[in-house]
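Working notes, structure below.
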Amino acid sequence: MMVQGATSLRMYSDESITIDSPVDDDIFAAGSVVNINAPVDSAIVAGGVVNVNAPVSGDLILAGGQVVLRSDIGGKLVAAGSRINISSRIQRNAVLMGEDISMLPGTVVGRDALIGAKRFSNQGSINGTLTVAAEEFENNGTAGRVEFQKIEGRREDTAFMSFFHLLSTIGFLLLGLIGLRVFPWLFRASEAKMLRDPAIETLVGLLAIIVCVILAVILAITVVGIPIAIMLLLLLAVGIMLSGLLVSFTLGRRVMALLRSGTGSSVSFTVGYVILNILFLLPYIGWIFMLISVCLGIGALLYVVRDGASPQLTTA
């Protein structure tokens, strides 16, 4: 899909997205291939292949399989992907997570850079501190200070796992957008529960997961209870899948409220989804965000089921 010029907040969702005319505000794009060939104010992007060939005057947040940045970024850069190649001038900080990350000659980071990768190559210039956690680190560039922590190699087939993770990430994004259209009341009701007391919702969700697993094991031991055990585990699996989508919606709504941006629910969900998945990819602490997300989402879902939610609730 080719997108023409615009003067307001825009969201794009298609197999192939190309932005060829300037957009004088924020953009949110999700697709298999996303090309930004004209200046935009700021961008949040999720895609299989992402190419940024024109200036972004504000922040750039993206997640993709193959990411190529060839133009200036006026704010901060937050990116997660399998392969990331950068030849840009980044005005503020850069936070990058991926399998293979390269800062090519001409790359400049105005402040600090935080890198989590399997392989990282730096041929650029970081004015502040360069912090790297990687299996392999090649530094032929410059930095105000370098902090490197070597990560021990893993035996998994990382190429296959990265490809599978990319497909599942895009698939869940599409599932969430469809669910938001079909069951908007569920997302709004869950948001209300999460904001009421997130600590209690998270604790309830954690206890529910533990009880469900223990009960399923006990039922399976009795043999006659195996069908019920299977049903319980299937319900738990559905709850886990829904939890991330519900938390993404709530997170996106809070972020957009803080930015004082009056956007639709689909845009808010996409923003929250991208941010949440980037948090999941953070080295060492990503699993903590994932656990909190699952428990919070399941806890809110249980309260929605207990208290009931009217399908008349609609998204703003």
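The values are calculated or read from the model by the stated rules, or taken from the named source; none is laboratory data. Here the structure is a predicted model, which means the values were calculated and not measured. FYI the Cβ positions are ideal-geometry reconstructions off the backbone, even for glycines, and counts take in every protein chain you see. The protein model used for the area step is the full one, side chains on, heavy atoms only, and it has no ligands, DNA or RNA in it. Shrake-Rupley method; radii C 1.70, N 1.55, O 1.52, S 1.80 Å.
If only one of Asp72, Asp59 is in contact with a Lys or Arg (Cβ under 6 Å, 6 or more places away or on another chain), closer than 25 Å to Ala117 by Cβ, open to solvent by 30 Å² or more (accessible area, probe 1.4 Å) and at pLDDT below 90, which one is it?
Asp59
Results for (1) among the hydrophobic types (A, V, I, L, M, F, W, C); (2) surrounded by 12 or more Cβ atoms within 10 Å (Cβ to Cβ), shown as yes or no for each residue.
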| site | (1), (2) |
| --- | --- |
| Ile214 | yes, no |
| Ala220 | yes, yes |
| Pro227 | no, no |
| Leu232 | yes, yes |
| Gly244 | no, yes |
| Ser248 | no, yes |
| Leu258 | yes, no |
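Counting just the residues of the range 257-273 that are under 17 Å from Trp185 (Cα atoms) and in a helix (DSSP H, G or I), which one comes out modelled with the highest pLDDT? Walk me through it before giving the result.
Here is the first cut: in the range 257-273, the ones under 17 Å from Trp185 (Cα atoms) are 264-269.
Checking which are in a helix (DSSP H, G or I) leaves us with 265-269.
Working: Ser265: 75, Ser266: 75, Val267: 74, Ser268: 79, Phe269: 83.
That would be Phe269.
Rundown of residues vs (1) modelled with pLDDT under 80; (2) open to solvent by less than 30 Å² (accessible area, probe 1.4 Å); (3) part of a strand (DSSP E or B), yes/no style:
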site: Leu114; (1), (2), (3): no, no, yes
site: Ala133; (1), (2), (3): no, yes, yes
site: Glu152; (1), (2), (3): yes, no, no
site: Leu180; (1), (2), (3): no, yes, no
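Any residue in the range 219-239 that is under 23 Å from Leu302 (Cα atoms) sitting within a Cβ distance under 7 Å of a residue that is in a helix (DSSP H, G or I) and open to solvent by 70 Å² or more (accessible area, probe 1.4 Å)? List the pairs, counting only those 6 or more apart or interchain.
The qualifying pairs are Leu219/Ile228; Leu232/Leu215.
Looking at (1) free of Cβ contacts under 8 Å to residues at least 24 places away in the same chain; (2) under 18 Å from Asn140 (Cα atoms), which is the one condition that is false for Gly74?
Checking Gly74 against (1) free of Cβ contacts under 8 Å to residues at least 24 places away in the same chain; (2) under 18 Å from Asn140 (Cα atoms), the one that fails is (2).
Name the residue that is nearest to Thr250 (Cα to Cα), counting only residues in the range 182-214 that are part of a helix (DSSP H, G or I) and of a type in the set (Asp, Glu).
Glu191
Given the conditions (1) in contact with a Cys (Cβ under 7 Å, 6 or more places away or on another chain); (2) closer than 27 Å to Val95 by Cβ; (3) of a type outside the set (Ser, Thr, Tyr), which single one is not true for Leu245?
(1)
Out of the residues in the range 7-24 that are in a strand (DSSP E or B) and open to solvent by 50 Å² or more (accessible area, probe 1.4 Å), state the one that is modelled with the highest pLDDT.
Residues of the range 7-24 that are in a strand (DSSP E or B), as a first pass: 10-13, 16-19, 23-24.
Okay, now just the ones that are also open to solvent by 50 Å² or more (accessible area, probe 1.4 Å), so 10-11, 13, 24.
On the way: Arg10: 78, Met11: 75, Ser13: 72, Asp24: 86.
Only one residue tops the list, namely Asp24.
If you take the residues of the range 274-300 that are crowded, with 20+ Cβ neighbours inside 10 Å and not hydrophobic (A, V, I, L, M, F, W, C), which of them is farthest from Trp185 (Cα to Cα)?
Among them, the one singled out is Asn277.
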